[in-house]
Amino acid sequence: QDDISLLREITDLHRGNTEASVGRILDVSFEQLHPEWLQVLLWRLSFLRQGFGLEAAQAMVDEPVELGDLRRLARWSFLQEQRVGEERVWQFSFLPLIQRYLCSGAAEAEEERIAHQRAIKYFEQSSEDKPQTLEDAEPVFERFHHHCELDDYAAAYKAMGSCYGVLERQGHYRTLLPIYEQLTQQWSATLDPDAETKQSLGWAWTRLGNLYDSLSQYHQAIEAHGQAQRYFQDAEFTKGNSAALMHLGNAYQSLGKYHEAIDYQSQSLEIRREIGDRWGEAASLFNMGLAWEKLQDHPKAKRLYEDARDIFQALQLPHMVSHCEAKLQPPPPTENTTQPNGALQDSQSETNIAPIKSANPTKPAIARRKHPWPLYIGLAIAVATLIIILQ
């Protein structure tokens, strides 16, 4: 049973006056908001997951929202307000109970979709083109969330593409993991994706598999890369299929199953050569060298490292050449690749809720005596909370 249903069932809180139930107080107080666009504003703001300021509020409606409007809503206890930062800027948030009440009303008024669309536009305008830090990426995470709420998973995937590579290289695996778990599960549940969608979905599973691999969750990595391969095969996307085979080889190598790893890398190598993917060919050769080295066949491993080095040299990729050179001579390399087992991931593949900072709400302000309803809202919330605790 949700809180809103519970609130509407709480009656006789004021000496037998059923009209003063918590749900009724919220309904009547909300209906008294004028102008009426303030009701629409609250509905749409209720879908934001974090505290917001004046600019966010202005982006949610066409009417000219002013700071005084938000502070008035705070006096009526619909919003919580506080000053934040050195500049003491006003920031607003919702109590969870009020937020759920407003989200429920927004759904009934068919404002939910508009709210998500407005939020996406706002966060697009406030996002960095290429976020370089986790903090820079917070607007991207919000765009991702609102796209998923609209079931627009292709747009959600595209949004994350602007920050995945940087955050993955910085080691934010645990931040990215739940995002790609959500994306792959929900997107895969959609019916009959076209070939282009299958390719993107395959790369999303690839990113998830690489995140599992980086967190040493190799069995999950194998499952994810297997899903990627199936989507690539359905889309008849040869390059993606070869990448999935290479990543499967990497995961099996991490589990110590070197013969299986060699088999997958060999399949990947054959496809890479067929399609003329020189970088992928070198990567598969290098990874096969790692597996043969683990099997103590050092001459074969050396030949594979040399072949990979020669291709990387021809491609003028000195950083990749250095990986090969390090394996060809002692001492062992001091710098490893992003893979714990030293295997190369496919850099030509498309590589990629952070905890969202929420405002620390202050206590609701009590309005002047000539406006009794805000006081009742505060009392209603307190009574409802107490009853829930006692239950």
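The values are calculated or read from the model by the stated rules, or taken from the named source; none is laboratory data. The structure presented is a predicted model; accordingly, all values stated were derived computationally and were not measured. Virtual Cβ from ideal backbone geometry, glycine too; neighbours counted across all protein chains shown.
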Where in region 116-173 are there helices (runs of 4 or more DSSP H), lying wholly inside it, with at least 3 residues that are among the acidic types (Asp, Glu)? 138-149
When the residues of region 12-26 are filtered to those that are at pLDDT below 55 and surrounded by 15 or more Cβ atoms within 10 Å (Cβ to Cβ), which remaining residue is farthest from the chain's Cα centre (by Cα)? 14
Pick from region 66-86 the residues that are in a loop (DSSP other than H, G, I, E, B) and over 30 Å from the mean Cα position of the chain (by Cα): which of them is farthest from residue 26 (Cα to Cα)? 66
Could you check how many residues of region 189-222 are assigned to a helix (DSSP H, G or I) and surrounded by 15 or more Cβ atoms within 10 Å (Cβ to Cβ)? 22
Working only within region 58-75, note down all residues that are within 15 Å of residue 43 (Cα to Cα) and of a type outside the set (Val, Ile, Thr). 58, 59, 60, 62, 63, 69, 70, 73, 74
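Let's see how each residue does on (1) among the polar types (S, T, N, Q); (2) surrounded by fewer than 20 Cβ atoms within 10 Å (Cβ to Cβ); (3) modelled with pLDDT of 95 or more:
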site: 28; (1), (2), (3): no, yes, no
site: 38; (1), (2), (3): no, no, yes
site: 48; (1), (2), (3): no, no, yes
site: 93; (1), (2), (3): yes, no, yes
site: 114; (1), (2), (3): no, yes, yes
